[in-house]
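Below: the structure, in structure tokens.
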Amino acid sequence: MALNLYHMPLSAPCQSVRLLAKAMNLHLNLVYLDLMKAEHMKPEFLKLNPQHVIPTLVDNDFVLWESRAILIYLCEKYGKNDKFYPRDPKKRAVVNQRLYFDMGTLYARFAEYYYPAIFQNQSFNEELFKKLEEAFEFLEIYLGQGAYVAGDKLTVADFCVLASVTTMKEAAGIDFSKYPNIERWYAQLSEEVSGLDEVCVQGAQEMKPFFDAAKKPAAAEEQ
């Protein structure tokens, strides 16, 4: 078995795949792809993935991208049981919903607020931050319904959301203290999930200077 993962350490979606692989005792051959140097646009990578995004998983002759799809694939192909991705249709549906929530609401709203300021030098839009806070409130409700993101057991949805929230906390400096369920869950998974510091926190620290640089002009204007 040869599993190659094209990734950048600072990417939360890439981190989620690495966390799951660690939990499943799957060895990933990590292939560093520097998007800042446009390495994702090289012909050899475009051959693998015409959409040129990371993470990209290469499993022998099979290529897959989009982190949530990769998480499910690894569970379905290499999972010895349904520990992280339940077989029960209703439980699986909730896990899928939370994965879509992270992709289309939580992480999407985070990116919509921060990334124009970070990568395009635009001003922060406070209306978009209100939408992000609404996403936090949704997550707070979910975590009030069970110990984990999708119920009472750790699933791929937790690995996905954990990587997102770690970036929000450690890179962007978002304070979650008014969301006690999120705080409780994060503290719990900090103890429970192997590799959180090594994979997510260190990756977020690589991302932090981008957020700090984007905040400085706004802070200067307030003085």
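The values are calculated or read from the model by the stated rules, or taken from the named source; none is laboratory data. From a predicted model like this one, the values you see are computed outputs, not experimental measurements. Here Cβ is always computed from backbone atoms with ideal geometry, including for glycine, and neighbour counts include all displayed protein chains. Just the protein is used for accessible areas: all its heavy atoms, side chains included, with ligands, DNA and RNA removed. Shrake-Rupley method; radii C 1.70, N 1.55, O 1.52, S 1.80 Å.
Among the candidates R87, R98, the residue that is of a type in the set (D, E, K, R) and either surrounded by 14 or more Cβ atoms within 10 Å (Cβ to Cβ) or within 25 Å of A172 (Cβ to Cβ) (or both) is uniquely R98.
The residues in the range 151-168 that are touching a residue at least 24 places away in the same chain (Cβ under 8 Å) and farther than 24 Å from E66 by Cβ can be counted, and the count is 0.
For the range 155-182, a residue qualifies if it is out of contact with any helix residue (DSSP H, G or I) (no Cβ under 7 Å at 6 or more places or on another chain) and crowded, with 17+ Cβ neighbours inside 10 Å, and exactly one does: K169. Given the structure, is L20 farther than 21 Å from Y142 by Cβ and out of contact with any Lys or Arg (no Cβ under 6 Å at 6 or more places or on another chain)? Criteria not met by L20. The residue list V63, V58 contains one member that is open to solvent by less than 20 Å² (accessible area, probe 1.4 Å) and more than 24 Å from T167 (Cα to Cα), which is V58. Can you work out which of the residues in the range 22-78 that are of a type in the set (K, R) and under 18 Å from the mean Cα position of the chain (by Cα) is farthest from G104 (Cα to Cα)? The residue in question is K22.
Taking strands (runs of 3 or more DSSP E) as the structural unit, those lying wholly within the range 1-84 and holding at least 1 residues that are within 22 Å of M103 (Cβ to Cβ) and free of Cβ contacts under 8 Å to residues at least 24 places away in the same chain correspond to 62-65.
In the range 120-149, which residue that is of a type in the set (G, A, S), at pLDDT 95 or above and open to solvent by 20 Å² or more (accessible area, probe 1.4 Å) is nearest to the chain's Cα centre (by Cα)? Residue satisfying both the conditions and the ranking: A147. The criterion of being under 30 Å from F211 (Cβ atoms), out of contact with any strand residue (DSSP E or B) (no Cβ under 6 Å at 6 or more places or on another chain) and among the acidic types (D, E) does not hold for D61.
Within the range 86-115, residues that are within 12 Å of T155 (Cβ to Cβ) sit with their Cβ atoms under 7 Å from residues that are open to solvent by 20 Å² or more (accessible area, probe 1.4 Å) and assigned to a helix (DSSP H, G or I), at 6+ positions apart or across chains, in these pairs: P86/R92; R98/Y142; L99/R68. When restricted to residues that are at negative phi and not in a helix (DSSP H, G or I), the range 181-215 contains 2.
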